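See below for the structure under consideration.
The values are calculated or read from the model by the stated rules, or taken from the named source; none is laboratory data. Note that the structure is a prediction, hence the values are computed from the model and not measured. Cβ placement follows ideal geometry from the backbone for every residue including glycine, while neighbour counts extend to all protein chains displayed.
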Amino acid sequence: MEKIEFLDLGQQPITNNFLSNEAPQNEFLYNLRVGYDQATSLVSLMEFIPPIKMFNENYAHRASQSQTMRKAYKELSDNLKKKFKPKSILEIGSNDGVFLENFNNIINVGVEPCKNLAKITNKIGIKTYSEFWNYNLSNKIINEIGLFDIVYSANTVSHIHDLEDALYSISNILNKNGIFILEDPSLLETLKKVSYDQFYDEHAYVFSIYSLNKIIKDIDLEIFYVEKLNTHGGSNRVYFKKKFGNQKVSNNIDRMISEEKELGINKFETYLDFSKKVQNSKKNLKNLFNIIKDKNKKIIGYGATYKSSTVLNYCKIDKNYIEYFIDTTPNKQGKFTPGTHIPIIDPKDGMNETVDFAFLGAWNFRKEIMNKEIKFIDRGGKFITHVPNPRIL
Ligand code: TYD
């Protein structure tokens, strides 16, 4: 693969490295640059970060923390059971089991390299392999358990550097008529929303349907259906079957690919244009923060997301702009944001009358958050977002 760089997001930390110390020594930083592959139109980071630096026993993200996501996983589980009647399901990147727990009456198996998370699911009776997904692991699971009717993986395959091996191993572990469901942020939505914060250490790739289709050319997988989702700021749920599998291929795939091509997803110029938009977004967000600060207003951050780490570090927004972040995740509280060292506290302590503005780190949960914070809005509190362009809501 030959990647050509189109975007430089500057020095960035490991996004899940929430710090216990405000002034850490030797914090690991790297230059976050994004590139485009002419042959496959695959968009990926120019430099991959060693997985063990990101996915270890300190991994902070808990999938079950969000009500929206919990509900979405339950709904998806009900639909899959009805439609495909699976007898077995494997999840790659099973996190704290929020999806797999809906399949307790069939064979449900997790793969989760982060030991702290695998411990949680093993404890609640979901057999979980705490290893990185690859061909060897797929064979080990086949030997110990067998082939699977469904392989599900949300926000994980885009993290795996050897993409072809990951997909090949999935095809390896599927039954003849088995299906693989991949869910990852949509490149189309990223371009449309100028949500450059989809790029960070973990997101080695941001997929389009167009590029996925190219990548699986030599693998026994074929896309048979695609759903657009609102999760994570706009994702695709892509259904794959084996090439001789019995599922019917929907004509919505051609439609989606046409839509992507209309936006120029397969042209390098599109990405150069995107890069310009990102630079403008930075300038405008910084201006907005400066105007608010000049009026001596208090700004906090709402949701210390991984995504926001890219924005804060790229735009150099630190404690001088954002006094603190609030976040409901217990193991982020009491810590500091990576790279920018802004304290993170419990919303109970931080969401009070002194707050004038809240920057939406978790802009992907805008609706859920705005519904929850009626009191803040009623007393004149305002939210700031950078998506699709920096503004006060
Ligand atoms: P997430 O959507 O997983 O984004 P990323 O993958 O970029 O980290 O993270 C959402 C974060 O926002 C999570 O840390 C929880 C936090 N959050 C709140 O603090 N309050 C809320 O009301 C919501 C919806 C999320």
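Remarks
- Across segment 7-31, the number of residues qualifying as assigned to a loop (DSSP other than H, G, I, E, B) and surrounded by 14 or more Cβ atoms within 10 Å (Cβ to Cβ) comes to 8.
- In segment 72-89, residue surrounded by the fewest Cβ atoms within 10 Å (Cβ to Cβ) [restricted to those that are of a type in the set (A, V, I, L, M, F, W, C) and at pLDDT 95 or above]: F84
- Applying the set (1) in contact with a helix residue (DSSP H, G or I) (Cβ under 8 Å, 6 or more places away or on another chain); (2) within 16 Å of the ligand (Cβ to nearest atom); (3) not β-branched (V, I, T) to L117 leaves exactly one unmet item: (1).
Here is a yes/no grid of residues against (1) charged (D, E, K, R); (2) within 16 Å of the ligand (Cβ to nearest atom); (3) more than 15 Å from N236 (Cα to Cα):
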| site | (1), (2), (3) |
| --- | --- |
| I160 | no, no, yes |
| S171 | no, no, yes |
| K176 | yes, no, yes |
| E183 | yes, yes, no |
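- Taken together, the criteria exclude F359 from residues that are part of a helix (DSSP H, G or I), buried (at least 17 other Cβ atoms within 10 Å of the Cβ), touching a strand residue (DSSP E or B) at 6+ places or on another chain (Cβ under 8 Å) and in contact (Cβ under 8 Å) with a residue 24 or more places away in the chain.
- Any hit, segment 290-303, residues being in contact with a Lys or Arg (Cβ under 9 Å, 6 or more places away or on another chain), modelled with pLDDT of 95 or more and within 13 Å of the ligand (Cβ to nearest atom): no
- Counting the residues of segment 11-61 that are small (G, A, S) and within 16 Å of the ligand (Cβ to nearest atom) gives 1.
- Any hit, segment 179-192, residues being basic (K, R), part of a helix (DSSP H, G or I) and closer than 26 Å to S258 by Cβ: yes
- Search result, residues across segment 203-245 that are closer than 19 Å to Y306 by Cα, among the hydrophobic types (A, V, I, L, M, F, W, C) and in a loop (DSSP other than H, G, I, E, B): A204
- Figure legend. Inter-residue proximity from segment 42-71: first residues modelled with pLDDT of 90 or more and part of a loop (DSSP other than H, G, I, E, B), second residues within 12 Å of the ligand (Cβ to nearest atom) and not polar (S, T, N, Q), beta-carbon distance below 6 Å, spacing 6+ or different chains. Indicated pairs: I49/D201.
- Residue in segment 91-103 that is surrounded by 15 or more Cβ atoms within 10 Å (Cβ to Cβ), charged (D, E, K, R) and in contact with a strand residue (DSSP E or B) (Cβ under 6 Å, 6 or more places away or on another chain) present: yes
- Within segment 302-339, the set of residues being more than 22 Å from Q279 (Cβ to Cβ) and small (G, A, S) comprises G303, A304, G334.
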